[in-house]
Structures are given as structure tokens and as C-alpha cells.
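The structure appears right after this line, and notes come after that.
The values are calculated or read from the model by the stated rules, or taken from the named source; none is laboratory data. These numbers come from a predicted model, not from an experiment. FYI the Cβ positions are ideal-geometry reconstructions off the backbone, even for glycines, and counts take in every protein chain you see.
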Amino acid sequence: MTKLIATHSGTFHADDVFGVAVLATVFPDPVIVRTRNAEEIARADFAVDVGGIWDPAAGRFDHHQRGFEGARTRADGDPEKYASAGLVWREYGVACVQRLAHTLGHSVTAEVAARIAADADASLVRYLDLVDNGAAEVAPGIFGLSSQVSQLNSTWLEEQDLDADAVARLQLERFHEAMAIADRILRRFVLRAVGQVLAAETVRTSSLLLHGRVLLLANGGMPWTRVVVPEMPDVLLVIYPETGRTQYQIRTVPAAEGSFASRLDLPHEWAGLRDEELASVTGVPDAVFCHSNLFIAGARTLEGALRMADLALHARVADHER
């Protein structure tokens, strides 16, 4: 049955756009009404960011009313108030993830979907709430998602010659444009998260070479840090074929998730060298490059990549003996 979703008219923000987009994913092809009319809101199956009620069972997701205390618990234990994006995601995030995964050609268990939904809340949704509640400006200028969504609102220049109905139609059109952006970001987030889940077991069962210090992956572009960093303390380098090119990459392993420091840097004398210069220094004829920050290098063959990895490991031993 087609659902009726009400949200407020006038200027839209990322939290109401996102909340409606999530509901439109879980309940496809809804009718969306932008209004502040109490009777129209009461008739809706869902009311997002309007209506003055937070009652998930009744489909009500507003946070502006006096006495609203809905809050997620931060990592430090302090409360952090929800806006409408967070309220909708709290109730329908798992279902949204499962539906998006299905439309992208994959299926995930409720447990995996819950984990992905929690990651989305921590890295995306909470920031929409923070901005909407005026609790933080999470990006400078107009570079944040909330600011980018706000840019899609119609301006007075576009509205000045229109009557009220035409303005409402224009604003609804722009609201749908903003929803399409939210939907695209969610789809990409879920696809990447599902990719992490599907890659994890492949990474765990991949070959360990050079006395367990080097992990060899069969596929380029496969996410591996979330497995290697916490679960494989002895692995110092990861080798994989670069997608679309006849080349193998040698990557250092971050010291911690999200860190720019590595468990092992590549030899400093390789920094910034390419082709013949790098081949001359390493003695590996098919060496291709080494980044100046010493976290990635490449060779045209697996044999060359393994030789470079072996040299890097021996350089580490030599440095420790000095």
C-alpha cells in the first residue's frame, strides 16, 4: 500500500530530506506532502520533522517540541540529541540497509545490517543531527553534506514571479533532487559496507608469504584494513594486483585503523623514485614507483613485488640492528 509521508513546507534541511529518503527506501514510491497543515499531517502515515510528536509506533518523527529528550549515547557516555534524520534511522536504518543491499544484488543478515546501520549512524547520520540541532558545524564553508543539501533550496530570484502554488511545486521538485542525493550516498555507503563484509573472509584466508609478514590478495581494490589491522599483527605489507592494470601494488599496513603511521615504512632511499631509477636502487628490473611518503610501491609482476617486499623487510631488520 502506498504510504503518505508528510514533512514541513518551506526551506528544507538535510535531516528532513534524509529522513524522508530513508522511509522512501523502506516503503517505495510514497506520496510526499510538504505542509504545516495539522489536518494533512494527521492523515499521513509518517510525519518527519513536523507535527510536534515523537512516536515511532505512530510514524511520528519530530524533535522540535518542548520537552523532547530523544538522544543517542556518545562513545564518551554523554547524550547527543537526535534530529529527525536520527529518529528515522534509529527505527528504520536496519530495514533500509537490507532493502538497499537487496536492490544492489546482495543479501545481508539482520545482524550484519544492524552493524552497517550502526556504522552509518556513527559516520553520517549523527552529523546531520548535530548540524540541524546547531550543536556543531562539522565542515567549513559549504563543504558539508548538510550545507550541500541546503544549496538546493530555491531562491527568492526563482520565486519572485511565482504564485504560492508554483513556489510549492518548485520547492517539492528541489526536495526530490535533494532526496536523490541522499539516496545515492546511502546506496554507495551500503555497497561499500557490504563489500567490507564479503571481503573479510577472503582476506582472512588469503596467502601469507615471507614468514607471515606479507599478505597476498587475489583481487585489487578489496578492502582489507578492517581485518588486517585488528586480526593480523604480524603482517607488515599487503600485495595485490592493481585493478585494470598489469601491475602489483605493495602497501604498508596502518599502525591503527585510520592512522597515517605504518607498521613498516618502505625503505627511505626508494622515496619518489620511478622506473629505471627505482630499478637501479632496488635491483628489481620491473619496479615501477614508490610514493614519496613510503606507504605504497609497485612492480609489473608478482615476482618483482615480492622481491621489493623482501627488500623492505630486510631493510627493517638492518635498521633495528644499527
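Brief remarks on what is shown
- Test: residue in the range 305-317 that is of a type in the set (A, V, I, L, M, F, W, C) and exposed (fewer than 13 other Cβ atoms within 10 Å of the Cβ): yes
- Scan the range 167-184 for residues that are under 11 Å from F12 (Cα atoms) and among the charged types (D, E, K, R) and the total you get is 1.
- D286 more than 27 Å from D119 (Cα to Cα), in contact (Cβ under 8 Å) with a residue 24 or more places away in the chain and surrounded by 15 or more Cβ atoms within 10 Å (Cβ to Cβ): no
- Residues located in the range 184-215, provided they are touching a residue at least 60 places away in the same chain (Cβ under 8 Å) and either of a type in the set (A, V, I, L, M) or not in a helix (DSSP H, G or I) (or both): I185, L186, V190, L191, A193, V194, V197, L198, L209, L210, R213, V214
- The strands (runs of 3 or more DSSP E) located wholly in the range 32-119 that include 1 or more residues which are closer than 16 Å to L4 by Cα and among the small types (G, A, S) occupy 46-48.
- Selected residue (criterion: surrounded by the fewest Cβ atoms within 10 Å (Cβ to Cβ)) from residues of the range 242-255 that are modelled with pLDDT of 95 or more and not polar (S, T, N, Q): A255
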